[in-house]
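This report refers to the structure that appears directly beneath it.
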Amino acid sequence: MRINAKDCVFVQVDVQERLFPHIADNEELEKNLLILVKGLKLHEIPIIVNEQYKKGIGETIPSLKELTDDYPHFEKTTFSCCGNNDSLAAIKATGKNIVILAGIETHVCVLQTALDLLSEGLQPVLVTDCVNSRKAKDKDIAIQRLIQAGVIPTTYESLLFELTENAKHPVFKEISKLVK
């Protein structure tokens with residue numbers, strides 16, 4: 001299945017200030033997430049930001065918050081973004097059937113969101129180098145489980161070039177600069 005920009009919405013999951021420092025390889029994760037979000041914005045992919053219990057976990061990390069402030073944000077207490085009726089309604093309101101997922105933690109909120117999206121008839125695409133957990137093993141097992149469940153795995157670079165499709169695409173040069 002090809003991933004086409006016109007079919008996609010991006011859901012960012014819980015990349016928040018108080019949890020982020022405890023995530024494995026968080027500096028690499030932050031770098032990858034920034035590239036992903038900048039590339040998705042170039043492709044004009046709708047973005048939906050979810051934040052878990054902000055009073056306890058804080059706001060989205062500043063570098064990502066700066067890029068996503070103008071997009072809808074939803075606070076949740078359920079681990080799955082789909083457990084927040086407004087967030088799920090916003091995803092469905094885009095009319096997109098492919099949901100690009102990135103964020104933390106892979107084995108909890110990202111996993112439960114992806115499984116719920118599948119049950120809603122939507123196709124999750126997991127950007128595997130833009131998700132992580134506190135422990136690598138948790139991330140690895142979650143990714144295996146999600147692939148077995150029908151989630152499509154990819155990397156940010158592969159996804160951004162798949163969305164671009166062609167070296168003559170208007171954003172090709174900007175995407176190329178982002179991933180270098």
**OP:** Taking the options I61, I35, name whichever one is farther than 19 Å from E174 by Cα, open to solvent by less than 60 Å² (accessible area, probe 1.4 Å) and out of contact with any strand residue (DSSP E or B) (no Cβ under 6 Å at 6 or more places or on another chain).
**Re:** I61
Original post:
Here are some residues: E28, E44. Which one is closer than 19 Å to L159 by Cα and assigned to a loop (DSSP other than H, G, I, E, B)?
Top reply: E44
Original post:
Applying the selection to region 158-180, what residues are assigned to a helix (DSSP H, G or I) and free of Cβ contacts under 8 Å to residues at least 60 places away in the same chain?
Top reply: S158, F161, F172, K173, S176, K177
**OP:** Only residues that are open to solvent by 40 Å² or more (accessible area, probe 1.4 Å) and of a type in the set (D, E, K, R): list them for region 152-180, please.
**Re:** E157, E165, K168, K173, E174, K177, K180
**OP:** Show the residue pairs that are 6+ apart or on different chains and have beta-carbon atoms under 6 Å apart, the first residue being within region 93-111 and crowded, with 21+ Cβ neighbours inside 10 Å, the second being of a type in the set (K, R).
**Re:** T106/K139
Original post:
Within region 96-122, can you find the residues that are of a type in the set (S, T, Y), within 11 Å of the chain's Cα centre (by Cα) and over 18 Å from L34 (Cα atoms)?
Top reply: T113
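Inspect region 71-91 for any residue being assigned to a loop (DSSP other than H, G, I, E, B), in contact (Cβ under 8 Å) with a residue 40 or more places away in the chain, closer than 19 Å to V110 by Cβ and open to solvent by 40 Å² or more (accessible area, probe 1.4 Å) and give the result as yes or no. Spell out the reasoning first.
Step one: filter region 71-91 for residues assigned to a loop (DSSP other than H, G, I, E, B), giving 71-72, 77-80, 84.
Checking the rest, the ones that are also in contact (Cβ under 8 Å) with a residue 40 or more places away in the chain come to none.
The answer is no; no qualifying residue exists.
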Subject >> region 126-142, subset in a helix (DSSP H, G or I) and either out of contact with any strand residue (DSSP E or B) (no Cβ under 6 Å at 6 or more places or on another chain) or of a type in the set (G, A, S) (or both), residue least open to solvent (accessible area, probe 1.4 Å) >> reply: A142
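The values are calculated or read from the model by the stated rules, or taken from the named source; none is laboratory data. Quick caveat: nothing in here was measured; it's all calculated off a predicted structure. Glycine also receives a Cβ, built like all others from the backbone with ideal geometry; neighbour counts cover every protein chain displayed. These accessible areas exclude ligands, DNA and RNA; they are computed on the full protein's heavy atoms, side chains included. Shrake-Rupley method; radii C 1.70, N 1.55, O 1.52, S 1.80 Å.
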